[in-house]
Each structure stands twice: as structure tokens, then as C-alpha cells.
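Read-outs: derived from the displayed coordinates by stated rules, not from any lab. On a predicted model such as this, the values are computed, not experimentally measured, just so you know. Here the Cβ positions follow ideal geometry from the backbone for every residue, glycine too, while neighbour counts run over all protein chains shown.
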Amino acid sequence: MTDTFAAIPPGPERLLADPLDWFAAEHQRHRQFCLLMHGLAAERSFRAEPVAALVAFLRHELGRHLADEEEDLFPLLRKRALAEDQVDDVLRRLRAEHRGDLAHGGALRAHLERCLETRTAPGSDPAVALALDAFGSQELNHLALENAVVLPLARLRLTAPDLERLFERLMARREAVEMASAQVRP
């Protein structure tokens, strides 16, 4: 990992108006988190900021992103896809991987939270290093499939009303999270 950790900025919300471009940008951000996982797996000195960033990603962003896809994007794509698109097998595979992502992401987050508590570099524990590398690699493969198959097919098949509905759902999910966060603050 480089000497300085460059924070991975949130995706630009203005892209939500073009949901497919927004998904592509989000996938790029997720790729950066995967690269961070690989870097932390090799890291032997403790640095709180990148570990905390990855914990926050696993706690807040991963599940919301999976909901964006499973509850909104995938059903729209399934509805619009033609038989020759053969999208059902791809979407079944991605949904199965999402279930695994939530379980593995939760376990990985617990490992990383323990690293923060004990101020231990994730790479100094072989089990944590292996989990980081495995999850990062699996996610990179997953994102590649979504970018190579799902997004191009969505660009081809989704209608303007579909994209408007997708935009509304993405915004509603983010507004709900913001409202919940505001209620928790003192």
C-alpha cells in the first residue's frame, strides 16, 4: 500500500440522475475499496484511517448498494430483457454472490473492528489477511461481471420511464438513510 492513504470519496450524487452512469461510478468506487482490501492484507503496520474507511464501507455502503441492485436494477432488467439476452442465469449468480457478500462482509467487518480496537494491522493476522484478499478478489470478479454484462444490457433494454423510476428509488433509499441518521443524532 502507498505511504499515504487517499480517502475514497463518495460518488457524486449528481450522477443519480443518470442511474446507469451512477452504478458505473459506484462500481469504480467499490473497485477502489477492493484494492484497499488487498493493500491492507499486506500491511504490517497499523493505520486507523484506511481500516476505519473499510469498516464504514462494509457497514453502510455495501448493503445499500446490494439493495439498489437487487430491489431495483435487477428486477427492471429482468422485466425488459429479451429471451435471447439470457440474463436470468447471470442475475441468479449475482444474487447468490450478494448473499455471500453480506455474510462475508459482516465477518470481515468484525475482524477489522477488532483490528481498530487492538490497534493491530490487518495484515499481521493471517486469517484477516486471507479474508481481505479473498473478499477483495471475489468482489473484483463480481464487479467485472456486472460491468461487462448487466450495465451494457441495462443501457440497451431499460426505457426512459424505467430509468426515471430507478432514479426515484435510489433517491428514496438515500433520503431514508439520511432521515434515520438525523434521528439518531443528539
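Here are some notes:
- Of 53, 17, 148, the residue with the greatest mean-square motion in the GNM of the chain, using alpha carbon springs below 10 Å, is 148.
- Helix 87-118 vs. the chain, principal-axis angle (Cα, 0 to 90°, nearest 10): 20 degrees
- Just checking the listed ones, 39, 136, 100: in the Gaussian network model of the chain with Cα springs under 10 Å, the one fluctuating most is 100.
- For 45, 137, the sequence from fewest to most other C-beta atoms within 10 Å is 45, 137.
- Remark: the chain carries a charge dipole of roughly 240 debye about the Cα centre, counting +1 on each Lys and Arg Cβ and -1 on each Asp and Glu Cβ.
- Phi-derived couplings, Karplus 6.51 cos²θ - 1.76 cosθ + 1.60 at θ = phi - 60°, listed residue by residue for segment 145-155: 5, 4, 6, 7, 10, 5, 5, x, 5, 5, 4 Hz, with x used for Gly and Pro.
- ³J(HN,Hα) computed for each position of segment 159-169 - Karplus, 6.51 cos²θ - 1.76 cosθ + 1.60, integer Hz, glycine/proline x: 8, 4, x, 4, 5, 5, 5, 4, 4, 4, 5
- Max mean-square fluctuation residue, GNM over the chain, Cα-Cα springs under 10 Å, options 138, 28, 86: 86
- Peptides 152-160, 106-114 ranked from most to least packed give 106-114, 152-160, packing being the mean of other C-beta atoms within 10 angstrom over each peptide's residues.
- Acute angle (nearest 10 degrees) that the helix 19-42 long axis makes with the longest principal axis of the chain, alpha-carbon atoms: 20 degrees
- Along principal axes, Cα extents of the chain, largest first, whole Å: 51, 42, 27
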